[in-house]
């Protein structure tokens, strides 16, 4: 470290050239990155001072090498490890006390790092107690493996100045996950171990890390050939459906919706909102989900544009949006993307790849409103032009129609007068011919009427005579048929009355019944009953049937059937001859 002898009145000049202040030694010094460019600091450098600094540095190097040699030469015996640190009072002992070893480490560290030095690290944890700021610093490789870590402190006496300067230049407070460049003094305590005391923080390094991340994303998108893909899309001249991705309950969203809700209520434009975090670890996952939901609706019912808005915030807070995945979503979007993130001074990779960038959410909705109003104004101008042109055309048509009407009136009167003169003689001639035709037709009709009357009267009289004859014949024949049927019915009634059981008994027939009084129709039934009832005209007798062969008389049975058939045929009973 090269110290400078800077008078108090020249401290601002030295600081502007890049000199740093070492609070431990209360001196200004040349930072490490300017150690090879000391020409600007020659006026504050003394040859003896430079030589002394170099000599001190060489002595520190030799002391550290000697200490390491002593540590490596520690001998092992049967009872334990013997360490030699040049402590003459303890050489006779078998080992050194822990406090003496740690004090020697403290001495070596103080000689090796007599002043503060700039250290690059990442903040892994951050706590504040009684105004003091306690940090956990870490360094990781590209695979995320931790290479080193230690504790650091920022005392309350310097914390307000350093933190205010950092927040002023970066726009954000010191937070976990930030990469910082610290001017720190190395300290070692025998009870609390190694730590660093922070004396200053370089905000430009943190901002440079953010810019480097943006540059890497930009190079990757350019390499893939999609960096300007969304910019090549054309903004619609009018907006009817707009998708909006914004953090919920954000002030910027409220400013946006002041005008957006008016446009939606009036039916001029429909806004569909998708919500996502814009700060923190969940930004990438939530915004990717919002993009996917928007794309699904866009496939079903297309949006005119996608708006990504967020209110103003610290520059480091906006670093959560500098993600390759989010930038690629915008580049590959099938609709133009409009961003309104932060303020005019803020810029993210999302703003770079979007079709249009606006400073604030209010300016985004103002542009949409202006486009809608411009189209409405243009439509109004077109309507006025159409209205004026149509009115002029109507007036011209009316004038033309008036001329045509006047010409038609004159021509029609002339034609009517001319045709009237031509039609009068034709009318008289037609009337005469019609009268002659009517007279001839009347005479013809009268003659035909007389002929028809003469021919039809004879035929009518003949038909009347024939009808009278037919009527007399039908009347006599119907009376004969009725009388014949009446006589036939009388015969049938008599036959029916003479066919009852009593009549048959009076004729000498006997009815055979079983013990239950049921008539027996066959000899087989009589054999089964053994005892039968014989009903005569004047009484009933009981008879016993002796088993014997049944004698059938076929000829008698046949005669009986024929008799029944003859009796059932009405034609056999005195049918009158015709």
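Compute the FRET efficiency between residue 94 and residue 27 as 1/(1 + (r/R0)^6), taking r as their Cβ-Cβ distance and R0 = 45 Å, and round to the nearest 0.05.
Numbers: r = 44 Å, r/R0 = 0.98.
Efficiency at R0 = 45 Å is approximately 0.55.
Evaluate E = 1/(1 + (r/R0)^6) for residue 394 and residue 302, where r is the Cβ-Cβ distance and R0 equals 56 Å; express this FRET efficiency to the nearest 0.05.
0.90
Normalised by the residues of the stretch 100-148, what does the relative contact order come to in percent, with Cα pairs under 8 Å and at least six apart?
Computed value for the stretch 100-148: 22 percent relative contact order.
Explain nothing, just the number: relative contact order of the stretch 227-372, from Cα pairs under 8 Å at least 6 residues apart, as a whole percent.
33
Using the basic label-point model (7 angstrom from Cα toward the beta carbon), what is the residue 505 to residue 479 distance in nanometres?
4.7
So for the pair residue 518, residue 205, with labels modelled 7 Å out along Cα→Cβ, what separation do we get in nm?
Each label point lies 7 Å from its Cα, and together they span 13.1 nm.
Over what distance in Å are the Cα centres of the stretch 472-525 and the stretch 144-199 separated?
Comparing the Cα centres of the stretch 472-525 and the stretch 144-199, I get a distance of 141 Å.
I want to check the label-to-label distance for residue 39 and residue 125. Put each point 7 Å from Cα in the C-beta direction and report it in nm to one decimal.
It is 4.9 nm.
What shape does the stretch 244-357 have by the C-alpha gyration tensor, where a ≥ b ≥ c are the square roots of the eigenvalues, rounded means a/c under 1.5, and otherwise prolate means a/b greater than b/c and oblate the rest?
oblate
Please find the FRET efficiency linking residue 273 to residue 377, where r is the Cβ-Cβ separation and R0 is fixed at 22 Å, and quote it to the nearest 0.05. All intermediate terms of the calculation are to be shown ahead of the outcome.
Details: r = 28 Å, r/R0 = 1.26.
My answer for the efficiency is 0.20.
Based on Cα coordinates alone, diagonalise the gyration tensor for the stretch 502-552, multiply each eigenvalue by 5, take square roots, and list the semi-axes in whole Å, largest first.
Values: eigenvalues 78, 30, 18 Å².
Those come to 20, 12, 9 Å.
All of the numbers you see were taken from the coordinates with simple rules; none came from a lab. Since this is a predicted model, take the numbers as computed values, not measurements. Please note: Cβ atoms are built from the backbone with ideal geometry, for glycine as well, and neighbour counts cover all protein chains shown.
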